[in-house]
Every structure is written in C-alpha cells, then in structure tokens.
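These notes are about the structure you will find just below.
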Amino acid sequence: MLFGICTPLYCWTNYKLQRICFTVGDYNALAISGLWKQLSPMDVFIIGYGVLNFMWLKFFLIWRFFWFWSLISGIEAPENMPHCLNNCYNLESFWKNWHASFNKWLVRYMYIPLGGSQRKLLNIWVIFTFVAVWHDFEWKLLSWAWLTCIFFIPEMLVKSRANAFQVESALEEFLFR
C-alpha cells in the first residue's frame, strides 16, 4: 500500500520540480529558436551549466527513488549518481559518476577487453562512439562524443605526465637519500 501512495506523490513532486525549472529557464525554446547564437560565450556556458545541473537533479531524483524501492525489495542495486555533478573536477570523474552503473558495464565489457589503460587514448574513442550510437544514431550525438574525446586528450596527457613526474621523484628520492 505504501508504494501505491508514494508513487503518485513522487510523480507529482517530480512534475512540479520540472515545471518550475522549465518555467524559470525555458532552455529548449532557447535552443530551438536559435537565440543562443546572439548570446556571449559566457552566457551560453552559464545556461549550459544550468541545464546540466537540472539534468543531474532530474536523474538523481528518478534513480534515487527506484534505488530506494530496490533496497526495500531486498535488491542491492548500484547507485547511479554517487557524487554531485559540482563535485567532479575533471572529465574522468564526471563520467565515472554520471550513470555509474552504465559506466561500470562499459568498463567491464568494453574498456577492459579493448586493452584497458594500456590503450586508453584509443578506447575512449571507441566507447564514446558506442555510447553516442546507443543513445541514437545521429550526427549531433556522434559529434558530441568525438568532442568529448578531444577534450579528454589534454587531461590524459597532463595526468600521465604528472604520474611520470611522481614516479621519477620517488625513484630519485629512493636512490639518492
């Protein structure tokens, strides 16, 4: 009986939250009308950041609700949004925490069989292309996936250089004490 009462309440609350967000910022109308082309890059960034936070909140509420009911039913499911979007400081942590169960599946069944971290630069292209096609086969999604991969490259280069520097420093400290 509790599930029957809570479901309409949850749906109504989620609907009201979405209506408030879309009333305050009608992002779809802005995107479809092309008015965003008249905005400054900083305005586009702020609007995009707001949309991303809204999407995170929406998915967080939906997944947390069903995660709660799976726990009530005795099924221990992984949490899909373990960290807030604003607590991710790089692309890698963002994608690890965005739909974490799907990320875990991608790592197990695609990333590791493709060679794991030994071929990380190649693997991200294959995996993000797969994710774009999984969502829908459209050029805008493929371009989104490939742009994400391009943005990953500097992060991976800086991280690998920093790790190599740490290894060299630790080796020098061990050898020349």
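The values are calculated or read from the model by the stated rules, or taken from the named source; none is laboratory data. Keep in mind that what you see is a predicted model, and the values were worked out from it rather than measured. Counting neighbours? That spans all protein chains shown, and the Cβs are built from the backbone with ideal geometry, glycine included. Quick note on the areas: whole protein, heavy atoms, side chains included, nothing else; ligands and nucleic acids left out. Shrake-Rupley method; radii C 1.70, N 1.55, O 1.52, S 1.80 Å.
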- Task: Report yes if some residue within the stretch 76-88 is open to solvent by 70 Å² or more (accessible area, probe 1.4 Å) and among the aliphatic types (A, V, I, L, M); otherwise report no.
- Result: no
- Task: Residue by residue through the stretch 48-91, note down the ones that are in contact with a Cys (Cβ under 9 Å, 6 or more places away or on another chain) and not assigned by the TED database to the domain that holds LYS37.
- Result: none
- Item | Which listed residue is surrounded by 15 or more Cβ atoms within 10 Å (Cβ to Cβ), over 15 Å from THR148 (Cα atoms) and either over 15 Å from the mean Cα position of the chain (by Cα) or not aromatic (Phe, Trp, Tyr) (or both), from PHE60, PHE137, PHE65 | PHE65
- Task: Using the structure shown, decide if VAL131 is open to solvent by 50 Å² or more (accessible area, probe 1.4 Å), in a helix (DSSP H, G or I), in the same structural domain as GLU155 (by the TED database) and not acidic (Asp, Glu).
- Result: no
- Task: Among the residues of the stretch 106-120, count how many are surrounded by 13 or more Cβ atoms within 10 Å (Cβ to Cβ) and either touching a residue at least 60 places away in the same chain (Cβ under 8 Å) or under 25 Å from HIS83 (Cβ atoms) (or both).
- Result: 5
- Task: Give the stretch 24-40 a look and list any residue that's modelled with pLDDT of 75 or more and surrounded by 10 or more Cβ atoms within 10 Å (Cβ to Cβ), or say none.
- Result: SER33, LEU35, LEU39
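The rows are residues; the columns are (1) at pLDDT 90 or above; (2) outside the structural domain of GLY48 (by the TED database); (3) under 20 Å from ASN53 (Cβ atoms).
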{"position": "SER93", "(1), (2), (3)": "no, yes, yes"}
{"position": "ASN97", "(1), (2), (3)": "no, yes, yes"}
{"position": "TRP105", "(1), (2), (3)": "yes, yes, no"}
{"position": "ILE112", "(1), (2), (3)": "yes, yes, no"}
{"position": "TRP144", "(1), (2), (3)": "yes, yes, yes"}
{"position": "GLU155", "(1), (2), (3)": "yes, yes, no"}
{"position": "PHE165", "(1), (2), (3)": "no, yes, no"}
